[in-house]
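The values are calculated or read from the model by the stated rules, or taken from the named source; none is laboratory data. Treat the numbers as computed from the prediction; the structure is a model and nothing was measured. Every residue, glycine among them, receives a Cβ derived from its backbone with ideal geometry; neighbour counts consider all protein chains shown.
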Amino acid sequence: MISIYSVSALILAYLCGSIPTAVWIGQSFYGIDVREYGSGNAGATNTFRVLGKQAGIPVMLIDILKGWTATNLAYFIGTSTTGPYNSIVFTNYALALGIAAVMGHLFPVFAGFRGGKGIATLFGMILAINMHAALLCVVVFITVLLITKYVSLSSIAAGFTYPIGVTFIFPVYIKSVIIYGMCICILILVTHQKNIERLLKGKESKVNLFKKKAT
């Protein structure tokens, strides 16, 4: 049932996701808008690339926290919106809040609707929904990154791992979670279209997270 509480929570989740961490940290501490450099995205990966790990790590952690916090709003206000506890309804509501946060990161109202690709925020969301599957994605991400040094390829591999995790390895018997996992794959393919083109052409940039920012 749609209520004022449901709508307010979704708006709050979107605003939480809209916090342009990379833009604000870049402008406040470095006088740089990261969207004007590197890949042009306001995300953790481009922050690492443009400003180094001193800025990239905080951006990544805060972006993850955005998705986790927005999704977990369901625990704080769920009883006001979903009525008596129902695991399916509750999970669907948490998914909706998480999606709102991811959309906020992609199209942040606080930064002219020019955001990042949403991977860190997406991870925070799935961490709140299914921690075991999320950690499996981390293992895949790190493994692919160490082997290839391509963040984009690592993100794609991790994204495709999630639906496999919630379907076969850590099964969740709520169809919406599985469907959402499949939608993650589509979202990642759409947001990484240019990266995929560069990967196929051998022109995608590699990243070294331990490299110091040039001065």
For this session: Hey, can you tell me all the residues within region 177-215 that are surrounded by 13 or more Cβ atoms within 10 Å (Cβ to Cβ), modelled with pLDDT under 90 and over 21 Å from Val144 (Cα atoms)?
Result: Lys213
Seminar exercise, completed: Scanning region 39-73 residue by residue, the ones that are surrounded by fewer than 16 Cβ atoms within 10 Å (Cβ to Cβ) and assigned to a loop (DSSP other than H, G, I, E, B) total 1
For this session: Collect the residues in region 165-188 that are closer than 16 Å to Leu135 by Cβ and without any contact (Cβ under 8 Å) to a residue 12 or more places away in the chain, keeping them in residue-number order.
Result: Phe168, Pro171
For this session: Could you tell me whether any residue of region 163-174 is under 14 Å from the mean Cα position of the chain (by Cα), surrounded by 15 or more Cβ atoms within 10 Å (Cβ to Cβ) and among the small types (Gly, Ala, Ser)?
Result: no
Exercise. Of the residues that make up region 133-149, is at least one buried (at least 19 other Cβ atoms within 10 Å of the Cβ), modelled with pLDDT of 90 or more, within 27 Å of Ser87 (Cβ to Cβ) and among the β-branched types (Val, Ile, Thr)?
Worked result: no
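Of the residues Lys117, Lys149, which is within 13 Å of the chain's Cα centre (by Cα) and not hydrophobic (A, V, I, L, M, F, W, C)?
Numbers: Lys149 fails: within 13 Å of the chain's Cα centre (by Cα).
That would be Lys117, the only listed residue that is within 13 Å of the chain's Cα centre (by Cα) and not hydrophobic (A, V, I, L, M, F, W, C).
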Seminar exercise, completed: Of the listed residues (Val172, Val140, Val89), the one being more than 21 Å from Ala42 (Cα to Cα), touching a helix residue (DSSP H, G or I) at 6+ places or on another chain (Cβ under 8 Å) and outside any helix (DSSP H, G or I) is Val172
